[in-house]
Every structure is written in C-alpha cells, then in structure tokens.
C-alpha cells in the first residue's frame, strides 16, 4: 500500500458505447504488468477482456457493471474503474464518479462527441471531476482528432487543447508528437511496449511549433512562472513548469488536456498513463465533503489523514460466489483486517473479516487500507451509499444523484421454485442497483420491476435465469404515466357517518390548482379555528393518499396544490380519520372539476445514423409521435435528436436495425412529462375502466 497519498490516483474511464473503454483498460493493465497477454472484447480466442468478467458482458460485447482494478505505473498506484457506456446503466457511472478523483473521457476519433459523451461529461461536471480527454481509434478511416477537439469545445463547453499531434492518421498512424517535450514518439514491439523517441519529422516541425505556442499561451494563465518564462522566449522552458500549469488548470476544472492514440493498435496508451500521473489529482488535491449527523448535517471537509477517525463510503455492492462484496472508498483514517466499524445509517457495528483489492472479478487479500484507497469488504451487510466510521463520530458522505426509473415490466415465475429464486434475485438486484425498483401490484398480484430502459430490464431478467435459475415469463412493458389537473377548481365536502355511538364528521372546503413545478403542495389558510389545528395534518394526509391513484387511468397524480380555507367540525364526532376521509372526498369532488389529464414520459432520443438512411429514420420517429428537435451532419453520419413518448419506443432497436442494415444506434434518457393526445388518453381510460370491471 502506498502511504504517500500524492502517489495515488483514483480514476474512472468513461465514454459513449463502443469508444474503446474496455480495450483501453486492457492495454493499461498490460503495460503496468497486471496481465501478461492482451485479449479483445469480442476476440476470436473467446477469452474476452479482463474487465468484462460477466458472461453476459462477453456475449454482448458491452460493459454492464463497472469493474474495479488496481495497477502500478512507475511508482504511482492507480485504482481504475471501467464504467459502462450505455445510458441504461447510467447509475453505474454515477456511483463510480462519486468516489473518483479524476477521469479519462474517451472519444471516438471519427464520431467525436456523441450523445452519451454529453451525459457522461454532465455527470463529471456534477461531481466536479477533473478530466483528460483521450481521442481513441485514430487508426480508423475518417479519423480527425482536430475536429473532435473542436467538438469538445463547442458541444461540451470544455477548454480543450491538444498536448499531442498525430504522426500520420487512419491506416498510416505511426505515433505522436509530444508538444511539451517537442519529440516524436513511436511505439515498437509486438504490443507497442517499446517506446522510441526521435526528432520531429521535418515536414511537421513548423505546425508542431505553432501548436505548442498556442498551448503554452493557454496554460500560462494557470502559472505566473510559466508566463514569465514565456516572455523571455518559449524555446528553453522547463517541461516541469508546463506540466504543473496544465495540472493546476485541470484540477481547477478550467482546462482539459487532449491526448490521442489507438488502444487497439497499441499506440499512445503509455503517454496517457504518464498524463494520469502528471495531470490528474491525487486524493490530497481534492476536497471531499461529509455531513456531520450530530450537527444538523453540517458540511465539513474530510482530512485524508490516516491518524484521524475512519470515514469510508460503500459505493457499490455485488453478490459474489462467497456472499456480498462491498466496494468502499476510504476518505480518512485507516482500516485493518479484523477492525469493527459502524454503519452510520443503521447504527449497527460490523466486523471486517476480509479485505481485498479487486482486479475485475479476481481479488487479492490485503491486511489494511488507508485514505484514498478503493478496496472491497466481504460479508458486510449494508446498502449502496452507506457510510462506515469508527466509534465516536457520526457522519455521512454526501448523497448521490439517483435518476427515477422510467419503464416497468410485469414478471411471473414459472413455478414455486422459480418464485423463491426470483425473490432472492430481486432482493439482491434492488440492493445492488438503486435505479432498479420492484413492487407487487396489489390489484393484479403481479410482480413489477422498473428500470432505466429496455436493455436494463432485459439484462436483469437474463441474470435471473442464469445466476438464479429463476424461469420467469415477462408481461408487456408498462409506462409510468402520471395524472395532473389543468385548471383551478373549488371543493366543499362534508363527511358524515352515524352508526350508533360516536359518528364521524368533518367538512373541508377550499380549492386546488395546477403547479408549475413539484408534485404536491398543501396550503393551510384556515382562520378562526373552523378546522382545529390538530386536524390540519389529517387534511394533508387525506389529500396525499388521494394522489396515489388517479381516477382516469389509475396513475399517480402530480402537480397539484391543495389549499384549505374553510371547514367545520363537531366537538364529539370529529377525528383524525373523519378529516382524512373528508379531504379524500373533497379531493375527488375538485379533481373531476379541474379538467384532469394524463401525462406520459417523454424521452430524449439521439439516433446516430449513416446519412443515406437519414430520411427513413426521421420518418420512423414521426410515426412514433416523435418531435425532431435538430439534426447534426457529422461527415458521413447524421445525429438526429428528438423527443419521443416512451410508450412508442418499445421495440425501436429492432426497427432501427432493419431500417439501417444494423448501422445505426440510439440512446435515450428521460426528458419530462407531457400531456397525452386525446385519442391515446381515451384509450388508456377505457382500458382502466375495463380492468376495474373485470378485476
């Protein structure tokens, strides 16, 4: 374990699907001697990349779970998390970025900034993660790192500048010009392991000098010493000065150095490792905040000091062959095998029996870890996002952003054995993945699972069958509809019930109106005690219960402000229950007057398609009630951005493949809720009424 924290880097590798994240990680492991042979993601040898350890990942050639590994470059310890690129697994990226100090954003040299690159960049910005950009696949036909750098500036609003130039491109890619050292770098040997440095080819010297001048001018903003040296002349500037200026700009999120290469052709990866060491922060360069639970959740900065009390965050869970595996990032203090820690959410004490350092799905036992480390604990019962501390302090690390699920499926087990296995699987999956939710529909008795997209749920159903032998039948996908009101409406409802002994009495009057933002608000405007104070909260409860299920299609109601301004009570017969029922009656009365409408989730869809198929694809979006927001021509490719109702997106991937000979791909993420067209609304209401009759 490296006790010198300045020699530790915790980095994530993120990008759009198929930009080469896993291939790049494979090369990094090879050059740092963690593995001794390179395997490809869809290689002919059938082994698959080291970081794609799940059978499903190897079959589909995509990363589903973020995997962690540890390697050493020169004397720097690097903890790497390889994250998925598919938008359905966005929470895997969220929780990886939550615990990382820096990141490498990979871009395809032909496609450049793609839809998921934008999402990943937004996540990095949300957690203030400094980043290096790496333009991969410079050996592809149509590769243009200069254009991609421009896209980083225009589309992602990053202050991105090249610190390298390619020597040759496409099939002629030979190496890079290092603009800081002003040397040509070549990668020899079977796997590019031998680095050869030479003088810059004569025909490139002038362009290299120009580009270096522009780079130095930009980074001199972050270092006064460099600025002074520049004024004296840019020929003999100490490279260490340039490195420290770039590092400062990167850590302050004001500068993004751009590297390039081809991971598949083994070019440029070692220079990227150098950049991770030189430009990305160590744990001591980053301020991480925790919340003091004993002091009203007041924020304070963790210290990174091994002598201070332990604070660590469980950011990811996995149910391995030997029980639950909990990935943790240590922020301060030290942890030794056999120590007892406290889960600050539950207050329970837990003994740490085994500590491991992860290498994809393999692990090596260790005896201790300290601040800045990412390790795994065995057999510790907790949930994703829990904070562990030592006795005497009660803190929590700040929470993660968890997006709401947008799609649901009904699943039915084939028999009793499958039922038992299915519940085990669902318990594990909901614990592992905060965006995967499950519940039983009380009306139909079906088990409903909800997630971020079709692929997300498909993967979990497949895992149920493979890992738990739970055969399940899948029902039609269900869309998370909502109901809301479109105008102001008054209510005045009296609830009376007399059944011998004390009865029930409550009258609630007021109005409801639509809200621009938010789901629900209760406004108390009672004066003169027409409803006693102790029953005001009962009115609120009654309204909230009424919003669970709307009258049109049984969907939850959102966007309603209920104001109570009058009412009456009875000294004996009024009670909490009476006012809850009176409010529920008042809500029903006002709701039908307030022109209720059904809202549907609208998805932001980005389709990347070869230009010759642009027409048919736009036609297919229009057929699905989609609204095209814009198109970007990008060489031979077009990117079509549209907003499409989720209910119309089922089965779209198959349809898109057949329209474009399998050459197009799309991503979608939730945008907002919008009212459904009248014809669709009528159909939903009719279907709901039939279900109620038959139910």
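Taking the criterion of being buried (at least 19 other Cβ atoms within 10 Å of the Cβ), modelled with pLDDT under 90, under 36 Å from the mean Cα position of the chain (by Cα) and under 30 Å from residue 248 (Cβ atoms), would at least one residue in region 194-205 satisfy it? So far as region 194-205 goes, no, none of its residues is buried (at least 19 other Cβ atoms within 10 Å of the Cβ), modelled with pLDDT under 90, under 36 Å from the mean Cα position of the chain (by Cα) and under 30 Å from residue 248 (Cβ atoms).
For residue 216, the criteria (1) over 23 Å from residue 279 (Cα atoms); (2) in a helix (DSSP H, G or I) hold in every case but one, which is (1). For region 558-570, filtering for residues that are outside any loop (DSSP other than H, G, I, E, B), surrounded by fewer than 20 Cβ atoms within 10 Å (Cβ to Cβ) and under 45 Å from the mean Cα position of the chain (by Cα) leaves 3. The number of residues in region 619-632 that are over 28 Å from the mean Cα position of the chain (by Cα) and either more than 21 Å from residue 680 (Cβ to Cβ) or surrounded by 14 or more Cβ atoms within 10 Å (Cβ to Cβ) (or both) comes to 1. In region 495-502 there is at least one residue that is surrounded by 15 or more Cβ atoms within 10 Å (Cβ to Cβ), within 23 Å of residue 551 (Cα to Cα) and assigned by TED's automatic domain parsing to the domain that holds residue 569. So how many residues does region 656-695 have that are modelled with pLDDT under 85, in a helix (DSSP H, G or I), over 32 Å from the mean Cα position of the chain (by Cα) and loosely packed, with under 13 Cβ neighbours inside 10 Å? Residues in region 656-695 being modelled with pLDDT under 85, in a helix (DSSP H, G or I), over 32 Å from the mean Cα position of the chain (by Cα) and loosely packed, with under 13 Cβ neighbours inside 10 Å: 3 in total.
Which ones in region 414-423 are in contact with a strand residue (DSSP E or B) (Cβ under 9 Å, 6 or more places away or on another chain) and at pLDDT 85 or above? Passing the criteria: 418, 419, 420, 421, 422, 423. Among all positions in region 540-552, there is no residue which is more than 30 Å from residue 681 (Cα to Cα) and either free of Cβ contacts under 8 Å to residues at least 24 places away in the same chain or in the same structural domain as residue 646 (by TED's automatic domain parsing) (or both).
Restricting 34, 27, 42, 9 to residues that are at pLDDT 65 or above, part of a loop (DSSP other than H, G, I, E, B) and on the phi < 0 side of the Ramachandran plot narrows the list to 34.
Being over 21 Å from residue 571 (Cβ atoms) and either in contact with a helix residue (DSSP H, G or I) (Cβ under 6 Å, 6 or more places away or on another chain) or modelled with pLDDT under 90 (or both) holds for only one residue in 474, 508, and it is 474. Return a yes/no flag: does region 327-334 have any residue that is crowded, with 20+ Cβ neighbours inside 10 Å, at positive phi and modelled with pLDDT of 85 or more. Yes, there is a match, as at least one residue in region 327-334 is crowded, with 20+ Cβ neighbours inside 10 Å, at positive phi and modelled with pLDDT of 85 or more. Being surrounded by 14 or more Cβ atoms within 10 Å (Cβ to Cβ) and either in the same structural domain as residue 413 (by TED's automatic domain parsing) or more than 26 Å from the chain's Cα centre (by Cα) (or both) is the requirement here; does residue 467 meet it? The answer is yes for residue 467.
Every residue, every condition in (1) touching a helix residue (DSSP H, G or I) at 6+ places or on another chain (Cβ under 7 Å); (2) over 22 Å from residue 214 (Cα atoms), yes or no:
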position: 131; (1), (2): yes, no
position: 139; (1), (2): yes, yes
position: 142; (1), (2): no, yes
position: 145; (1), (2): no, no
position: 149; (1), (2): no, no
position: 154; (1), (2): no, no
position: 158; (1), (2): yes, no
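The condition (being in a helix (DSSP H, G or I) and out of contact with any strand residue (DSSP E or B) (no Cβ under 6 Å at 6 or more places or on another chain)) is satisfied by just one residue among 190, 154: 154. When residues in region 601-617 are screened for being outside any strand (DSSP E or B) and in contact with a strand residue (DSSP E or B) (Cβ under 6 Å, 6 or more places away or on another chain), 3 of them pass. If you go through region 198-209 one residue at a time, do you hit one that is touching a helix residue (DSSP H, G or I) at 6+ places or on another chain (Cβ under 8 Å) and part of a strand (DSSP E or B)? There is no residue in region 198-209 that is touching a helix residue (DSSP H, G or I) at 6+ places or on another chain (Cβ under 8 Å) and part of a strand (DSSP E or B). Would you confirm, using the coordinates I've provided, whether residue 230 is more than 30 Å from residue 173 (Cα to Cα) and outside any loop (DSSP other than H, G, I, E, B)? When the stated conditions are applied, residue 230 passes them. Taken over region 633-655, the residue count meeting the criterion of being at pLDDT below 85, under 22 Å from residue 677 (Cβ atoms) and surrounded by fewer than 18 Cβ atoms within 10 Å (Cβ to Cβ) is 3. Looking across region 115-145, just one residue is touching a strand residue (DSSP E or B) at 6+ places or on another chain (Cβ under 7 Å), more than 19 Å from residue 162 (Cα to Cα) and in a loop (DSSP other than H, G, I, E, B), and that is 129.
Conditions (1) within 19 Å of residue 667 (Cβ to Cβ); (2) surrounded by fewer than 20 Cβ atoms within 10 Å (Cβ to Cβ), marked per residue:
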residue	(1), (2)
107	yes, no
113	yes, no
127	no, yes
131	no, no
136	yes, no
139	no, no
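Here residue 573 does not qualify as closer than 23 Å to residue 487 by Cβ and either touching a residue at least 60 places away in the same chain (Cβ under 8 Å) or not in a strand (DSSP E or B) (or both).
Entry remark, region 440-451: residues being modelled with pLDDT of 75 or more and either surrounded by 18 or more Cβ atoms within 10 Å (Cβ to Cβ) or out of contact with any strand residue (DSSP E or B) (no Cβ under 6 Å at 6 or more places or on another chain) (or both) number 4 in total. Is there a residue in region 267-282 that is in contact with a strand residue (DSSP E or B) (Cβ under 9 Å, 6 or more places away or on another chain), assigned to a strand (DSSP E or B) and within 29 Å of residue 134 (Cα to Cα)? Checked against the condition, which is being in contact with a strand residue (DSSP E or B) (Cβ under 9 Å, 6 or more places away or on another chain), assigned to a strand (DSSP E or B) and within 29 Å of residue 134 (Cα to Cα), region 267-282 yields at least one hit.
The values are calculated or read from the model by the stated rules, or taken from the named source; none is laboratory data. Because the structure is predicted, anything quoted here is derived from the model rather than measured. Backbone-built Cβ (ideal geometry, glycine too); neighbour counts: all protein chains shown.
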